[in-house]
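The values are calculated or read from the model by the stated rules, or taken from the named source; none is laboratory data. If you're wondering where the values come from, they're calculated on a predicted model, not measured in any experiment. Cβ sites come from the backbone with ideal geometry, for glycine too, and all protein chains shown count toward neighbours.
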Amino acid sequence: MTIPQLQNLLKKRQEDGRVFAGFSLHNMGVTVDVDIFICVSSGTREKANCDHKAGTFSILGGEVEMPFVFDRLYKHEITKSVRDLGSRLDSAANFEVIVEIRANNGSLLDSSILPAATIIFVPGTKETQDEFGNTNPYLVRKNVNFLNPREKLSLIHALRGLQADRSAEGYQAIAAFHAVPPLCPGPEASERHACCIHGKATFPHWHRLYTVQIEDGLRRQGSLVGLPYWDWASDTVALPSFITDASFTDPYTGVVYENPFNNATINFEQAVVEREVLGQYLHKRGPHGWDTRLFEQTLLALEQEDFCDFEIQLEVTHNAIHSWLGGSKEHSMGHLHYASYDPVFFLHHSNTDRLWAVWQALQKHRGHSSQGANCALELLKEPLKPFSFGSPYNLNPTTQTFSRPEDAFDYSAHFNYQYDDLEFVGMNVPALDALIKERQGRDRVFA
């Protein structure tokens, strides 16, 4: 690696926030290895779990060594370990650090011979801190199948808390944004209808705001990760266990919780969400296994270079998931009135939104704008309800501020989230573009 390459690498590493354990070191009279462990709480009164090793460093010593005390801290980076546990990378430091000290003869020494470690957070050069010392990094929306145990646990507790919240920011109130009890055209109107937008070019914008609404609710309840997505275009063999398992076992304490992602109530109807999975459609494989009906329809949507052409293809494709998960059940994903009361709705729409983000990246690759549309321009400035209502119906300042469709294109800047990847069935944007061009070279017939 040349000096310029090394400089670029160092600058790149400094862009994102990092966490260090700081140690005040002194002579030990013997050579020792110091093992660093991160302790995380499960959110209960149970003892914190400290089985997460974050690194090791050594101190050289001997019986006749010269006494010394360093005049500054030795810093050991633990960023990856903290991130792998799903803990926050900011000044909140919702974990502790302990050490085990072992002499080179194998004996375990009293850990108190070293002063307790201090935790140091260094904001990235791309990050800023608010007045409380918190950074405002992007929340990452991850594939639900790739969540780590800590992230799953935080989501379980967050949704349980949100479902218990009976306020205007609770789960029942957020679920009602979509359809019933109806709020549009206004809460005081004598005749009201569902607020959710379907069959219009602003369908993706409305539902992008909706995913932010639930994501912020989960974050208020302690979620450590963004709203996960179910990648149904490439994962149709079975529904993710995270949404089908009846219970969830805390991996740190062994406590068993009812899984809130598996079920929910519809309070105003005194009903429980139902599912009727039509596996003969949802789980049907294509000729090559991966080329399912959902794959083909989504690929056709991504092929479109006009936003309105893309939107209608994506919306109709998304409809299939509602039908195949709800079947003939009334209080289900298959009924517009009640779909949003099933937690799987939000994982479905997180993926629908991700596919829009993939299309936006594809547009940029094609040399087009990814931050606007050239069609249905009269709709893009019309505030989306009920996000535009404000208090007491919408208490989320972000979705109220950016309630116009034209403000919903830039999701990372306005809503502070990103996806763990922008791939489609394992293909990055250049590979996806190449596949689309190859398919466009064939004769095709459309109805």
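Give me the helices (runs of 4 or more DSSP H) completely within the stretch 226-304, filtered to those with at least 3 residues that are closer than 30 Å to Cys375 by Cα, ordered by residue number.
Fully inside the stretch 226-304 and qualifying: 293-303.
Among the numbered criteria (1) in contact (Cβ under 8 Å) with a residue 60 or more places away in the chain; (2) in contact with a Gly (Cβ under 7 Å, 6 or more places away or on another chain), which one does His348 miss?
Of everything listed in (1) in contact (Cβ under 8 Å) with a residue 60 or more places away in the chain; (2) in contact with a Gly (Cβ under 7 Å, 6 or more places away or on another chain), His348 misses just condition (2).
So which residues in the stretch 393-403 are assigned to a helix (DSSP H, G or I) and either among the hydroxyl-bearing types (Ser, Thr, Tyr) or in contact with a strand residue (DSSP E or B) (Cβ under 6 Å, 6 or more places away or on another chain) (or both)?
Those that are assigned to a helix (DSSP H, G or I) and either among the hydroxyl-bearing types (Ser, Thr, Tyr) or in contact with a strand residue (DSSP E or B) (Cβ under 6 Å, 6 or more places away or on another chain) (or both): Thr398, Thr399, Thr401.
How many residues are more than 24 Å from Ala434 (Cα to Cα) and under 26 Å from the mean Cα position of the chain (by Cα) when one looks only at the stretch 277-314?
3
So Ser350 clears everything in (1) surrounded by fewer than 23 Cβ atoms within 10 Å (Cβ to Cβ); (2) assigned to a helix (DSSP H, G or I) except one condition, right? Which one?
With respect to (1) surrounded by fewer than 23 Cβ atoms within 10 Å (Cβ to Cβ); (2) assigned to a helix (DSSP H, G or I), Ser350 is out only on (1).
Within the stretch 404-419, how many residues are in contact with a helix residue (DSSP H, G or I) (Cβ under 7 Å, 6 or more places away or on another chain) and part of a loop (DSSP other than H, G, I, E, B)?
Residues meeting the conditions: 1.
Quick one: in the stretch 185-226, of everything that is charged (D, E, K, R) and touching a residue at least 12 places away in the same chain (Cβ under 8 Å), which residue is surrounded by the fewest Cβ atoms within 10 Å (Cβ to Cβ)?
Looking at residues that are charged (D, E, K, R) and touching a residue at least 12 places away in the same chain (Cβ under 8 Å), I get Arg220.
Scan Glu382, Glu330 and give me the residue that is touching a residue at least 60 places away in the same chain (Cβ under 8 Å), acidic (Asp, Glu) and not in a helix (DSSP H, G or I).
Glu382
Filter the stretch 355-393 down to residues that are polar (S, T, N, Q) and either touching a Gly at 6+ places or on another chain (Cβ under 7 Å) or closer than 20 Å to Leu299 by Cβ (or both), then give me how many there are.
Residues meeting the conditions: 3.
What are the residues in the stretch 384-396 that are surrounded by fewer than 23 Cβ atoms within 10 Å (Cβ to Cβ) and either closer than 22 Å to Gln371 by Cα or not assigned by TED's automatic domain parsing to the domain that holds Ile174 (or both), if any?
Lys385, Ser388
How about the stretch 93-200: which strands (runs of 3 or more DSSP E) wholly inside it have at least 2 residues that are touching a Cys at 6+ places or on another chain (Cβ under 9 Å) and modelled with pLDDT of 90 or more?
96-103
Scan the stretch 305-327 for residues that are aliphatic (A, V, I, L, M) and either part of a loop (DSSP other than H, G, I, E, B) or in contact with a Gly (Cβ under 9 Å, 6 or more places away or on another chain) (or both) and report the count.
2
Matching residues to (1) touching a helix residue (DSSP H, G or I) at 6+ places or on another chain (Cβ under 9 Å); (2) assigned to a strand (DSSP E or B); (3) not polar (S, T, N, Q):
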position	(1), (2), (3)
Met1	yes, no, yes
Lys11	no, no, yes
Gly22	no, yes, yes
Asp35	no, yes, yes
Ile38	yes, yes, yes
Gly55	yes, yes, yes
Glu65	no, no, yes
Lys75	no, yes, yes
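Of the residues that make up the stretch 233-250, is at least one modelled with pLDDT of 95 or more and over 16 Å from Leu159 (Cβ atoms)?
Taking every residue of the stretch 233-250 in turn, none turns out to be modelled with pLDDT of 95 or more and over 16 Å from Leu159 (Cβ atoms).
Looking at Glu258, Glu303, Glu269, Glu276, which is the one that is among the acidic types (Asp, Glu) and either crowded, with 16+ Cβ neighbours inside 10 Å or more than 19 Å from Asp342 (Cβ to Cβ) (or both)?
Selected residue: Glu303, the only one of Glu258, Glu303, Glu269, Glu276 that is among the acidic types (Asp, Glu) and either crowded, with 16+ Cβ neighbours inside 10 Å or more than 19 Å from Asp342 (Cβ to Cβ) (or both).
Just checking, how many residues over the stretch 420-441 are in contact with a helix residue (DSSP H, G or I) (Cβ under 6 Å, 6 or more places away or on another chain) and in a strand (DSSP E or B)?
Count: 1.
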